[in-house]
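Below is one structure, written out as structure tokens; the observations come after it.
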Amino acid sequence: MKALPVEPSNVPVAIGSRIRAARQSQRLTIEQVADATGLTKGFLSRVERDLTSPSVASLVTLCQVLSVSIGDLFAAPETHLTRRDDGPRISLGGQGIVERLLTARSERRLQILQATIEPGGRGEAELYAVDCDVDVLHVVKGRIKLILTNDEYELEEGDTLSFPGREPHTWVNPTDEPVEVLWILVPAASR
């Protein structure tokens, strides 16, 4: 099979912001990185602002000090876009509810579910728990009642409640209007 020729590009690759983010995530100053790499503060500042490109040797040293791989600096970020009402429908139980997954199915760090609950809609009759560390309920529109083992919360538009993900709970829309909520599960609930 014949390989497709790749034409070189003169478009500069912007890696400075990723280098800066790596430095800042480790709470290092430019001065500390300069001392560790032997590069000057001015040079590092220009690299972080994409005003100059480091040599391969300087880049290797910089990546070693910042504990990042060179490939990560050049890799396209993984992104996932879900347009309004395009998320796949899912069903985690309950009555009178339409649920859509807003995050990628492969996302494991967190999961966001959009739910529209019709008047009188409700969760399971028995309290249930979700396999995640943190469960967050945010009311986009309307009112909902969340029932935990020892507490009940009446939430209105704009309210957000966080609770342990494995805490038994259920919910009900006690109104005559539909409710729209977001459930955020951290990490994503195991299947």
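Search region 21-39 for residues being touching a residue at least 12 places away in the same chain (Cβ under 8 Å) and outside any helix (DSSP H, G or I), and hand back the single one that is nearest to residue 67 (Cα to Cα).
Residues of region 21-39 touching a residue at least 12 places away in the same chain (Cβ under 8 Å): 22-23, 26, 28, 30, 33, 36-39.
Checking which are outside any helix (DSSP H, G or I) leaves us with 26, 28, 38-39.
Details: 26: 9, 28: 12, 38: 16, 39: 16 Å.
Going through the qualifying residues, I end up with 26.
Would you mind telling me which numbered condition in (1) in contact with an Asp or Glu (Cβ under 6 Å, 6 or more places away or on another chain); (2) exposed (fewer than 14 other Cβ atoms within 10 Å of the Cβ) residue 89 fails?
(1) is the only condition that residue 89 fails.
Testing residue 97 on (1) among the hydrophobic types (A, V, I, L, M, F, W, C); (2) surrounded by 15 or more Cβ atoms within 10 Å (Cβ to Cβ); (3) closer than 12 Å to residue 189 by Cβ, one condition comes back false. Which one is that?
Among (1) among the hydrophobic types (A, V, I, L, M, F, W, C); (2) surrounded by 15 or more Cβ atoms within 10 Å (Cβ to Cβ); (3) closer than 12 Å to residue 189 by Cβ, the lone unmet condition for residue 97 is (3).
Restricting attention to region 179-191, and to residues there that are touching a strand residue (DSSP E or B) at 6+ places or on another chain (Cβ under 8 Å) and closer than 17 Å to residue 87 by Cβ, which single residue is surrounded by the most Cβ atoms within 10 Å (Cβ to Cβ)?
Within region 179-191, the match that is surrounded by the most Cβ atoms within 10 Å (Cβ to Cβ) is 181.
Against the definition (within 29 Å of the chain's Cα centre (by Cα) and either modelled with pLDDT under 90 or open to solvent by less than 90 Å² (accessible area, probe 1.4 Å) (or both)), how does residue 106 come out, yes or no? Give the derivation first.
Numbers: within 29 Å of the chain's Cα centre (by Cα): yes; either modelled with pLDDT under 90 or open to solvent by less than 90 Å² (accessible area, probe 1.4 Å) (or both): yes.
Yes: the conditions hold for residue 106.
Please list, ordered by first then second residue, the pairs with beta carbon atoms under 9 Å, 6 or more apart or interchain, first in region 49-64 and polar (S, T, N, Q), second assigned to a loop (DSSP other than H, G, I, E, B) and surrounded by 15 or more Cβ atoms within 10 Å (Cβ to Cβ).
What qualifies is 53/15; 58/39; 61/39; 61/54.
Starting from residues that are closer than 13 Å to residue 20 by Cα and assigned to a loop (DSSP other than H, G, I, E, B), keep the ones in region 60-85 and report whichever is least open to solvent (accessible area, probe 1.4 Å).
So the residue we want is 68.
Answer yes if at least one residue in region 97-108 is in contact with an Asp or Glu (Cβ under 8 Å, 6 or more places away or on another chain), outside any loop (DSSP other than H, G, I, E, B) and more than 30 Å from residue 14 (Cα to Cα), and no otherwise.
If we filter region 97-108 for residues that are in contact with an Asp or Glu (Cβ under 8 Å, 6 or more places away or on another chain), which is where we start, we get 97, 100.
Of the ones still in play, those that are also outside any loop (DSSP other than H, G, I, E, B) are 97, 100.
Going one step further and asking which of them are more than 30 Å from residue 14 (Cα to Cα), we end up with 97, 100.
Yes, there is a match, as at least one residue in region 97-108 is in contact with an Asp or Glu (Cβ under 8 Å, 6 or more places away or on another chain), outside any loop (DSSP other than H, G, I, E, B) and more than 30 Å from residue 14 (Cα to Cα).
Kindly indicate which of 46, 23, 18 is under 23 Å from residue 77 (Cβ atoms), basic (Lys, Arg) and open to solvent by 30 Å² or more (accessible area, probe 1.4 Å). Break it down stepwise before answering.
On the way: 46 fails: under 23 Å from residue 77 (Cβ atoms); 23 fails: open to solvent by 30 Å² or more (accessible area, probe 1.4 Å).
After ruling out the rest, the residue left standing is 18.
Within region 40-59, which residues are assigned to a helix (DSSP H, G or I), closer than 20 Å to residue 30 by Cβ and out of contact with any helix residue (DSSP H, G or I) (no Cβ under 7 Å at 6 or more places or on another chain)? Show your work before the answer.
At the first step, the residues of region 40-59 found to be assigned to a helix (DSSP H, G or I) are 41-48, 56-59.
Now restrict to residues that are closer than 20 Å to residue 30 by Cβ: 41-48, 57-59.
Scanning region 40-59 gives 42, 43, 46, 57, 58.
Any residue at all in region 42-63 that's aromatic (Phe, Trp, Tyr), farther than 30 Å from residue 165 by Cα and modelled with pLDDT under 90?
Filtering region 42-63 for residues aromatic (Phe, Trp, Tyr) gives 43.
Cutting the leftovers down to farther than 30 Å from residue 165 by Cα gives us 43.
Still in the list and also modelled with pLDDT under 90: none.
The answer is no; no qualifying residue exists.
Return a yes/no flag: does region 178-185 have any residue that is over 24 Å from the mean Cα position of the chain (by Cα) and of a type in the set (Asp, Glu).
No: zero hits.
(1) touching a His at 6+ places or on another chain (Cβ under 9 Å); (2) modelled with pLDDT under 90: which one isn't true of residue 84, the others all being true?
In the conditions (1) touching a His at 6+ places or on another chain (Cβ under 9 Å); (2) modelled with pLDDT under 90, residue 84 misses (1) alone.
Of all the residues that make up region 156-168, how many are over 24 Å from the mean Cα position of the chain (by Cα) and within 16 Å of residue 123 (Cβ to Cβ)?
Applying the first criterion (over 24 Å from the mean Cα position of the chain (by Cα)) to region 156-168 yields 156, 168.
Next cut, within 16 Å of residue 123 (Cβ to Cβ) only: 168.
Summing the residues that are over 24 Å from the mean Cα position of the chain (by Cα) and within 16 Å of residue 123 (Cβ to Cβ) in region 156-168 gives 1.
The values are calculated or read from the model by the stated rules, or taken from the named source; none is laboratory data. Source: prediction; values computed, not measured. Because the Cβ atoms are built from the backbone with ideal geometry, glycine has one as well, and the counts that use them run over all protein chains shown. Quick note on the areas: whole protein, heavy atoms, side chains included, nothing else; ligands and nucleic acids left out. Shrake-Rupley method; radii C 1.70, N 1.55, O 1.52, S 1.80 Å.
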